[in-house]
Amino acid sequence: MRSPTIISLGGSIVVPDGIDTAFVSAFRALIQERMTRGESFVVIVGGGKVCRRYQAAAGELGVTGKDPLDWVGIFATRLNAELVRVTFGDIAHQELVLDPTVLSSVSASLAIGAGWKPGHSTDFDAILMAESSGAKRIINLSNIDYVYDKDPRRFPDARKIERVTWKEFRALLPEPAAWVPGLNAPFDPVAAKRASELSLEIAIMNGNNLEHLKNYLEGKEFMGTVIS
């Protein structure tokens, strides 16, 4: 598979509390329609609340190591991703794509992936998929409308950002010295560092309104943040 559009699909969209079957159905319909136009996609599904709840439970049970906590989260992402994959039936690659180096052997126009191994997030996995396939853009579907200059839940004067450079965006994030399992941020700081090095375009938007995704794919105005 060469130069697909990479979508990092937040687990908080697929499973906000219970499984959002209406969203999964609408997402499937949109991707299928784009595929009839000859487009190809790699969708990396995150863990969301499922991931963080299991990691919190593991912590309460005395698990402290980063790798064990990461593995708990990784398998949460794989459960979410397998649900998404099977809903596409035969048009998707018939197993989850976890290792980005295998993309070159995928002939289907749609591949679904999830967490690969400890040490980074599904955002970073999406970066690796882009690097492996030659993709130049990644769409991050989350439950926020924009990236803000500070947390809008804590600061009423937080300013939304519609377009930003990688240098400016990374200045808003914590230092990417090490990955923290279960980190809840607009985009993983470690992934942001690598995306900046690769000069990728990242579009962050609220996946609960798929009209934004459709508009972005068609080169139209959309509600969200573009980092480049």
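The values are calculated or read from the model by the stated rules, or taken from the named source; none is laboratory data. Bear in mind that the values here come from a model prediction, so they are computed numbers and not experimental data. All Cβ positions, glycine included, derive from the backbone under ideal geometry; neighbour counts span all protein chains shown. Note: accessible area is taken over every heavy atom of the protein model, side chains too, but ligands, DNA and RNA are not part of it. Shrake-Rupley method; radii C 1.70, N 1.55, O 1.52, S 1.80 Å.
Some notes on this structure:
- Proximal lysine pairs, the chain, alpha carbons under 23 Å, eight or more residues apart or interchain: 17
- Extension gain, residue 28 to residue 104, is 25.0 nm, computed as 0.36 nm per intervening residue step minus the present C-alpha separation.
- Rolling a 1.4 angstrom probe over the protein heavy atoms with all chains in place gives the chain an accessible area of 48 Å² per residue.
- For the stretch 1-141, a crude dipole built from +1 on the beta carbon of Lys and Arg and -1 on the beta carbon of Asp and Glu, taken about the Cα centre, is about 240 debye to the nearest 20.
- Rolling a 1.4 angstrom probe over the chain with all protein chains present gives an accessible area of which 52% lies on carbon and sulfur atoms.
- Considered as an equivalent ellipsoid built on the Cα gyration tensor, the chain has semi-axes of 24, 22, 18 Å, the largest given first.
- Global geometry of the stretch 51-120, whether rounded, prolate or oblate, following the gyration tensor of its Cα atoms and the 1.5 cut on a/c: oblate
- The spacing between the stretch 60-119 and the stretch 189-228, judged by their C-alpha centroids, is 21 Å.
- Length released on extending from residue 136 to residue 82, taking residue separation times 0.36 nm less the Cα-Cα span: 16.9 nm
- Local net charge near residue 144, Cβ-Cβ under 11 Å (Lys/Arg +1, Asp/Glu -1): 0
- Within the listed set 35, 205, 129, the residue fluctuating most in the Gaussian network model of the chain (springs between alpha-carbon atoms under 10 angstrom) is 35.
- Residue 95 sits among other residues whose Cβ lies under 15 Å from its own Cβ, and their net charge, with Lys and Arg +1 and Asp and Glu -1, is -1.
- Reduced Cα scattering model of the stretch 1-101, Debye log10 I(q)/I(0), q = 0.14, 0.18, 0.24, 0.25 Å⁻¹: -0.58, -0.88, -1.31, -1.38
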